[in-house]
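Participant: Below are the structure tokens for one structure; questions will follow.
The values are calculated or read from the model by the stated rules, or taken from the named source; none is laboratory data. Nothing here was measured: the structure is a model prediction, and the numbers come from that model. Cβ sites come from the backbone with ideal geometry, for glycine too, and all protein chains shown count toward neighbours. All accessible areas refer to the heavy atoms of the entire protein, side chains included, with ligands and DNA or RNA removed. Shrake-Rupley method; radii C 1.70, N 1.55, O 1.52, S 1.80 Å.
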Amino acid sequence: MTSMSPALDQFLMIHSGRADAWRDLTHLAESWAKGLIERAEMEARLDGMMAIEGYHAYPGPVLLGGLTEKVNANDAVGAARLARRVSNALLTHSYRERHSDWDADEKSAAEVAEVLPPTLGGGAGRRPYFEVLFVNSQPSANWPGLAAELRRLRRSEDAFIYEPVFVGSFEDAVCATASNPDIISVVLAEGFAYRSRHEVPTLRAILDPMGVPEGPEASALRLGQILKRIRPELDLYLLSDHDVEALAGDPEADVIRRIFYAVEEPLETHLAILEGVQARFETPFFDNLKKYARKPIGTFHALPIARGKSIFKSEWIRDMGEFYGINLFLAESSATTGGLDSLLEPTGNIKRAQEMAARAFGADHVFFVTNGTSTSNKMAVQALLAPGDIAVVDRNCHKSHHYGMVLTGAQPYYVEAFPMTEYSMYGAVPLASIKRALLALRAEGRLDRLKLLDLTNCTFDGHMYHVRRVMEECLAIKPDLIFLWDEAWSGFARFSPFLRPRTAMGAAADIEQWLRDPASIAAYEAQRAALGEAPSDETLLATRLIPDPRRVRLRVYQTNSTHKSMSAIRQGSMLLVKDVDFHTVEAQFHEAVFTHASTSPNQQLIASLDVARRQMELEGYGLVMNAIEIALRIRRAVNEHPLISKYFRVLGPDAMIPAEYRQSGITDFAAPGITWGALMQAMKEDEFYLDPTRMTMVCGTAGFDGTQFKGLLAADYGIQLNKTSRNSVLLQSNINNTRSDVAHLIRVLVEICHGIEKRLADGGPAEREAFAARVKALMTDVPDLPNFSHFHEVFRADAGRTTPEGDMRSAFFGAYDPALCEYVPLAGAECDRRLREGPEMVSANFVIPYPPGFPIMVPGQVLTQETIDFMRKLDVKEIHGYEKARGLKLLKPDAVAARGKR
């Protein structure tokens with residue numbers, strides 16, 4: 001794999017890119033020491049690194065100055081030794097704990113240990129490390145003295161330790177915040193310049209995509225607003241020698257955590273920084289659970305495993321205690337008092353933990369859910385819909401949404417995603433299809449019955465909607481429409497500027513801000529005048545609609561599987577609420593909690609949700625950037641490797657998203673010359689955007705179906721995957737992955753490719769013909785994907801004339817009565833006869849093949865030739881809702897109708 005350029009526009013590679021730059025500099029210095037290169041090459045490389053190094057506390061001016069002096073003094077050996085020390089410290093993060101790493105003096109004894117981290121688990125005395133950005137107008141020559149003053153403010157009782165990073169301009173502040181994930185607090189002192197002190201051509205490659213225009217204005221409040229837009233989790237502090245009382249009352253100062261009069265005691269700023277970090281570090285439930293575990297408790301409740309006595313005193317199951325450790329059992333309880341709380345009706349530390357999660361994820365309210373996002377989805381559907389309500393639903397969404405419709409008695413109006421037939425999967429639902437559904441309901445006079453738009457974002461395969469545009473255009477047609485976004489797979493997207501605008505909460509915040517802007521009314525009125533009084537549906541479909549801000553009721557719900565993308569235990573989920581009318585449904589939500597949540601929730605799971613929030617607020621930005629970087633490295637490594645690319649390929653946006661939905665024209669993340677700016681343009685413009693961490697890797701060209709290849713990787717190589725399709729597998733990078741994982745994957749793929757090459761070479765023409773036939777069957781002879789047909793008329797008594805919604809609940813429970821059901825063999829002549837001659841075959845239940853994992857039949861749906869053909873061509877082992885021995889379970893519409901008349 002080639003090393004990535006450390007240039008500023010290679011923003012996605014900031015993690016290993018910077019470490020790689022120091023590794024390369026070390027090798028260059030060692031080559032210089034051996035006389036293999038000239039000093040000028042070393043000087044040029046070091047000079048090229050100085051700009052970005054100024055945005056980091058380590059190695060800092062002392063070590064960088066020492067390295068420069070050694071180079072200028074022609075001390076190649078000393079330069080190589082010092083570069084190696086810095087490189088090792090950056091690789092292991094030892095500088096966060098080892099003071100000697102900051103010393104320019106030679107310490108050969110310490111160097112022996114520098115290749116390993118100073119601690120693995122961290123002791124009780126370890127203090128978390130972070131960096132604080134100080135944006136000021138002081139000359140750079142004064143910065144070392146300011147840093148020394150800040151270090152003198154440290155106290156032994158401080159819970160954390162930080163190092164300062166100084167910049168003197170608006171532009172440098174934005175670049176430092178964007179490129180250094182260790183910065184988690186920013187202190188703004190008025191009077192700084194606008195322009196960077198660095199003459200770096202690529203500087204604007206960071207500033208332009210972030211919406212930082214050219215201009216001389218260097219207002220601290222303006223800078224604070226931009227920094228919050230990039231990283232909303234940051235604490236911002238303002239030092240001003242102006243009228244601080246007036247500043248504190250300025251609405252634009254809402255982004256500032258605290259304002260200080262500049263001449264006041266610096267200790268207050270220091271303490272405020274630590275207090276701000278402590279406010280994010282606090283985990284109310286987890287902290288109290290640890291205290292509870294340290295107490296001597298007598299348990300007389302129904303949980304024998306609590307305190308672990310039944311485990312550790314046992315002759316037969318003590319190994320379970322030895323495996324999990326004592327704390328797991330000390331922290332178990334069925335009590336909701338004594339420092340704990342009730343998940344069903346929280347009033348203490350769970351309530352506080354949920355409020356902190358709402359702050360972190362940009363919501364008004366958050367519900368912790370311990371039964372997975374399947375339960376979160378059903379809770380939301382139950383609370384927001386009543387029997388007879390209509391919901392526009394992605395037919396390919398998770399089954400929990402469909403079952404939620406059954407439970408609540410709402411009528412689904414299914415809309416179809418664009419098909420990706422070649423890979424046996426669906427994408428996402430085009431906005432035109434959604435608008436067409438709303439306009440059809442309006443034409444039928446049934447728009448008042450429509451309550452909810454229910455979509456998956458991102459999809460399993462990484463398709464992200466232009467969420468703001470979808471919501472705005474739908475609100476232009478129905479101003480009080482409720483939105484439920486299933487973001488099970490992208491909960492971590494909140495903490496990336498690349499992904500946040502494509503999330504429900506991120507888009508809701510943008511719309512909220514737009515609604516407050518007086519220009520929004522002018523924009524609406526201008527469009528209204530241009531469209532006229534009664535624009536046609538065709539005109540509305542072709543127009544990017546603007547809602548009337550005076551009528552909009554912004555009601556947005558988001559579910560996320562915290563355990564899928566953050567450090568939460570399996571089944572940990574959150575339900576996020578940003579609804580101006582939440583008070584009208586709050587009682588229903590509590591009823592939904594009572595209905596679906598366990599009365600015995602797992603304490604460790606709740607604690608992990610609390611801790612996951614803490615981690616994402618303090619280091620989520622860097623972790624998500626690392627996950628994106630890992631994904632880009634995998635994409636490049638697979639697609640550019642001469643052997644691997646013969647048999648495998650990771651699909652880019654051009655293969656995953658049709659061109660008409662990629663207005664930016666982006667083709668692939670690994671395309672030559674691709675920049676951060678191009679990715680941001682795609683994020684802002686395209687109807688659909690591909691989450692780079694979701695990697696669809698085609699394996700059919702290697703002769704493997706998805707299920708077969710997934711099994712091979714797990715059984716023979718210890719690599720675990722999740723989703724498969726007929727001819728592909730899905731790789732997902734997350735905050736847990738490292739470059740070692742990438743190396744392992746690439747080495748395995750190379751080994752598998754060598755095996756294919758050997759088999760084809762040794763097997764002769766017959767083996768090669770069989771291989772080609774297998775590839776053709778997987779890649780070319782693929783079945784067409786079936787669309788939803790329609791509900792049978794017996795389940796459409798309360799439906800529109802031209803709209804497809806139906807009463808799925810009656811069909812679902814009708815299947816409970818054997819007298820209303822029949823079975824028809826899938827492969828038999830009777831099935832073909834019924835398709836030709838009738839009576840129509842009506843599905844009695846959900847039929848969900850894995851893969852692709854969406855229901856190809858729902859209760860009450862009329863089966864068509866398209867659906868039957870797809871079922872017959874399936875070669876998967878797992879089909880929920882279908883018994884091969886008995887055949888298709890069908891409802892008898894006449895019998896259902898007759899029973900309904902009784």
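Participant: Within region 813-828, does at least one residue satisfy the condition of being assigned to a strand (DSSP E or B), open to solvent by less than 30 Å² (accessible area, probe 1.4 Å), of a type in the set (A, V, I, L, M, F, W, C) and touching a Cys at 6+ places or on another chain (Cβ under 8 Å)?
Facilitator: yes
Participant: Testing residue 728 on (1) of a type outside the set (Asp, Glu); (2) open to solvent by less than 30 Å² (accessible area, probe 1.4 Å); (3) more than 19 Å from residue 463 (Cα to Cα), one condition comes back false. Which one is that?
Facilitator: Failed condition: (3).
Participant: Something else now. If you check every pair at least six apart or on different chains, which have Cβ atoms under 7 Å apart with a residue in region 538-556 that is in contact (Cβ under 8 Å) with a residue 24 or more places away in the chain and over 15 Å from residue 430 (Cβ atoms) first and a residue that is open to solvent by less than 30 Å² (accessible area, probe 1.4 Å) and in a loop (DSSP other than H, G, I, E, B) second?
Facilitator: 547/479; 548/479; 551/479; 552/479; 553/479; 553/581; 555/581
Participant: Quick check on this structure: which one of 815, 819, 827 is under 43 Å from the mean Cα position of the chain (by Cα), touching a residue at least 60 places away in the same chain (Cβ under 8 Å) and under 19 Å from residue 887 (Cβ atoms)?
Facilitator: Just one listed residue meets the conditions, 815.
Participant: Can you name every residue in region 384-400 that is assigned to a helix (DSSP H, G or I) and surrounded by fewer than 24 Cβ atoms within 10 Å (Cβ to Cβ)?
Facilitator: 399, 400
Matching residues to (1) part of a helix (DSSP H, G or I); (2) among the hydrophobic types (A, V, I, L, M, F, W, C); (3) surrounded by fewer than 21 Cβ atoms within 10 Å (Cβ to Cβ):
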residue	(1), (2), (3)
412	no, no, no
428	no, yes, no
438	yes, yes, no
445	no, no, yes
454	no, no, no
461	no, no, no
464	no, yes, no
470	yes, yes, no
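Participant: Which of the residues spanning region 340-358 are touching a helix residue (DSSP H, G or I) at 6+ places or on another chain (Cβ under 8 Å) and part of a helix (DSSP H, G or I)?
Facilitator: 349, 350, 352, 353, 356, 357
Participant: When you go through 746, 735, 752 one by one, which is the residue that is buried (at least 18 other Cβ atoms within 10 Å of the Cβ) and under 30 Å from residue 620 (Cβ atoms)?
Facilitator: Exactly one of 746, 735, 752 is buried (at least 18 other Cβ atoms within 10 Å of the Cβ) and under 30 Å from residue 620 (Cβ atoms), namely 735.
Participant: Then there is this: Going by what's in this entry, would residue 805 be described as open to solvent by 30 Å² or more (accessible area, probe 1.4 Å) and either out of contact with any Pro (no Cβ under 6 Å at 6 or more places or on another chain) or part of a helix (DSSP H, G or I) (or both)? Can you show your working first?
Facilitator: On the way: open to solvent by 30 Å² or more (accessible area, probe 1.4 Å): no; either out of contact with any Pro (no Cβ under 6 Å at 6 or more places or on another chain) or part of a helix (DSSP H, G or I) (or both): yes.
When the stated conditions are applied, residue 805 does not pass them.
Residues are listed down the side, and each one gets a yes or a no for (1) touching a Phe, Trp or Tyr at 6+ places or on another chain (Cβ under 9 Å); (2) free of Cβ contacts under 8 Å to residues at least 12 places away in the same chain; (3) part of a helix (DSSP H, G or I):
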| site | (1), (2), (3) |
| --- | --- |
| 853 | yes, no, no |
| 869 | no, no, yes |
| 885 | no, yes, no |
| 896 | yes, no, yes |
| 899 | no, no, yes |
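Participant: How many of the residues making up region 46-72 are in a loop (DSSP other than H, G, I, E, B), over 18 Å from residue 94 (Cβ atoms) and either out of contact with any His (no Cβ under 9 Å at 6 or more places or on another chain) or modelled with pLDDT of 95 or more (or both)?
Facilitator: Qualifying residue count for the region: 1.
Participant: Separate question: Could you check how many residues of region 35-84 are without any contact (Cβ under 8 Å) to a residue 60 or more places away in the chain, surrounded by 14 or more Cβ atoms within 10 Å (Cβ to Cβ), closer than 24 Å to residue 134 by Cα and of a type outside the set (Asp, Glu)?
Facilitator: 6
Participant: Any idea which residue in region 13-34 is nearest to residue 742 (Cα to Cα), counting only those that are small (Gly, Ala, Ser) and either under 33 Å from the mean Cα position of the chain (by Cα) or open to solvent by 60 Å² or more (accessible area, probe 1.4 Å) (or both)?
Facilitator: 16
Participant: Filter region 510-523 down to the residues that are out of contact with any Lys or Arg (no Cβ under 8 Å at 6 or more places or on another chain) and not charged (D, E, K, R), then identify the one that is least open to solvent (accessible area, probe 1.4 Å).
Facilitator: 520
Participant: Determine, yes or no, whether residue 434 is within 22 Å of residue 384 (Cα to Cα), surrounded by fewer than 24 Cβ atoms within 10 Å (Cβ to Cβ) and within 25 Å of the chain's Cα centre (by Cα).
Facilitator: Judged against the criteria, residue 434 is a match.
Participant: Here's something else I'd like to know. With 844, 897, 885 as the choices, which residue is hydrophobic (A, V, I, L, M, F, W, C) and open to solvent by 40 Å² or more (accessible area, probe 1.4 Å)?
Facilitator: Testing whether each residue is hydrophobic (A, V, I, L, M, F, W, C) and open to solvent by 40 Å² or more (accessible area, probe 1.4 Å) leaves just 885.
Participant: Now for a different question. Tell me yes or no: at least one residue of region 598-608 is crowded, with 24+ Cβ neighbours inside 10 Å, under 17 Å from the mean Cα position of the chain (by Cα) and either outside any strand (DSSP E or B) or at pLDDT 95 or above (or both).
Facilitator: Among the residues of region 598-608, not one is crowded, with 24+ Cβ neighbours inside 10 Å, under 17 Å from the mean Cα position of the chain (by Cα) and either outside any strand (DSSP E or B) or at pLDDT 95 or above (or both), which makes the answer no.
Participant: It is to be established whether one or more residues within region 613-631 are part of a loop (DSSP other than H, G, I, E, B), in contact with a Pro (Cβ under 7 Å, 6 or more places away or on another chain), open to solvent by less than 40 Å² (accessible area, probe 1.4 Å) and not acidic (Asp, Glu).
Facilitator: The answer is no, given that none of the residues of region 613-631 is part of a loop (DSSP other than H, G, I, E, B), in contact with a Pro (Cβ under 7 Å, 6 or more places away or on another chain), open to solvent by less than 40 Å² (accessible area, probe 1.4 Å) and not acidic (Asp, Glu).
Participant: A further question follows. Going through region 669-723 one residue at a time, which ones are of a type in the set (D, E, K, R) and buried (at least 18 other Cβ atoms within 10 Å of the Cβ)?
Facilitator: Scanning region 669-723 gives 686, 687, 691, 694, 705, 710, 723.
Participant: Now a separate question. Condition (residue is over 30 Å from residue 226 (Cβ atoms) and more than 27 Å from the chain's Cα centre (by Cα)) applied to region 459-474: is it met by at least one residue?
Facilitator: no
Participant: Hey, residue 211 hits all of (1) assigned to a loop (DSSP other than H, G, I, E, B); (2) of a type in the set (Gly, Ala, Ser); (3) at pLDDT 90 or above but one; which does it fall short on?
Facilitator: With (1) assigned to a loop (DSSP other than H, G, I, E, B); (2) of a type in the set (Gly, Ala, Ser); (3) at pLDDT 90 or above applied to residue 211, the lone miss is (3).
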